[in-house]
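> One structure follows; several queries about it will come next.
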Amino acid sequence: MAVRRSRAAVALAVTLGLISTGVQQAAAVQPLIIGGTAADEPYPFMVSIQTRSGQHFCGGSLLSPTWVLTAAHCVDGRKPRAVSARIGSADRSQGGELREAAEIIVHQAYDPEGAGGDLALVRLTEPAEATPAPIATTTEVGTAARILGWGQTCPTEGCGESPVQLQQLDTSLVESKLCTAEFDDAAELCVDNPGGDAGSCYGDSGGPALRKVEEGRWEVLGLTSRPGNGDRTCATAPSIYTSATAYSQWITEQMAPPEPEPAPEPATAPAA
């Protein structure tokens, strides 16, 4: 998760910190979950977005057999040939299904310096067999939510490596005024930091906030974007999530198969 100082400035700071500490870049550009626990059930739609060499750098959600939803700041400027996805495994280093990216679509409203538009779609080269997650139809304040990710489990930038096992945290959607950083009420969600010290962190970017429908079934409310107060120390305030629900029409349009080319008109025989 990037701090809105801007997202680009934070990415640069994280990269420089990694160079000086020897920590790999992929381990710090995403937020980790602070105060969570190891995943206690399967999440077949959960995606670890990785480099082709297997370095995890962001989370994502499988929305259809061939499309993954993630944060724009995770993949903006990346070439599809440099991105892969491990799908359905709680272990980011093994298991699940490994797929390569064929296309990356960043929302046209994404601005590293502003609010809103922090989402992107990654099209896979071949369909996954895992069961996708649907997008929630409502995002009311007070909705119970569960966040997932492989982000840092300690709160300060560069304080530790990303856990191998997926982490989860139960929280809820709260009033937007509790997210004091720049915020788009029409397109973003404010997700609580339970106890004042738990929530998303570096390495969780792009990962989902979920609503439980019934046992074993979840809907995607949103995806991790950035801290709600612009603080580089994680979980000191609620987090800002891009609302998947608010962008559901755009997502559906991008995932739709292309219209078939019209058949050519039959040639007209020349007049005698």
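> Among 125, 245, which comes first, then next, by fewest other beta-carbon atoms within 10 Å?
Going from sparsest to densest Cβ surroundings: 125, 245.
> Whole-Hz Karplus ³J(HN,Hα) for the stretch 208-224, in order, using 6.51 cos²θ - 1.76 cosθ + 1.60 and θ = phi - 60°, x for Gly and Pro?
x, 9, 10, 10, 7, 8, 6, 3, x, 10, 10, 10, 8, 7, x, 9, 4
> Show me the ranking of peptides 69-76, 201-208 by mean Cβ neighbours inside 10 Å, starting with the highest.
201-208, 69-76
> Could I ask something else about it? As an exercise, identify the GluC sites (Glu not before Pro) in the stretch 47-111 lying in DSSP coil whose Cβ has no more than 12 other Cβ atoms within 10 Å.
Answer by residue number: there is no such site.
> Which GluC sites (Glu not before Pro) in the stretch 113-185 pass both tests, a DSSP loop state and at most 12 other beta-carbon atoms within 10 Å?
Those satisfying the criteria are 113, 129, 140, 175.
> Further, regarding this structure: For a quick check: sort 147, 105 by the number of other beta carbons within 10 angstrom, fewest at the front.
With the fewest neighbours first, 147, 105 line up as 105, 147.
> Between 164, 83, 213, find the one with the highest GNM mean-square fluctuation for the chain; connect C-alpha pairs within less than 10 Å.
The residue with the greatest mean-square fluctuation here is 213.
> Would you mind telling me which residue in 90, 82, 198 has the biggest mean-square fluctuation in a Gaussian network model of the chain, where springs connect alpha carbons within a distance under 10 angstrom?
82
> Moving to a separate point now. Contact order normalised by length for the stretch 37-255, with contacts defined as Cα pairs under 8 Å and 6 or more residues apart; what percent is it?
Details: 607 pairs, mean separation 46.2, N = 219.
In percent, rounded to a whole number, it is 21.
> Name the residues whose placed amide hydrogens come within less than 5 Å of the amide hydrogen of residue 205, ignoring near sequence neighbours (fewer than 5 apart) on the same chain.
Sorted by chain and number, the residues that satisfy this are 59.
> Here's a follow-up. I'd like the Karplus ³J(HN,Hα) series for the stretch 52-63: coefficients 6.51, -1.76, 1.60, θ = phi - 60°, whole numbers in Hz, and an x wherever there's a Gly or Pro.
5, 8, x, 7, 5, 9, 7, x, x, 10, 6, 9
Here, each number is a calculation from the coordinates, and none is a lab measurement. Computed from a predicted model, the values in this text were never measured in an experiment. When we count neighbours, we look across all protein chains shown, and the Cβ atoms used for this are built from the backbone with ideal geometry, even at glycine.
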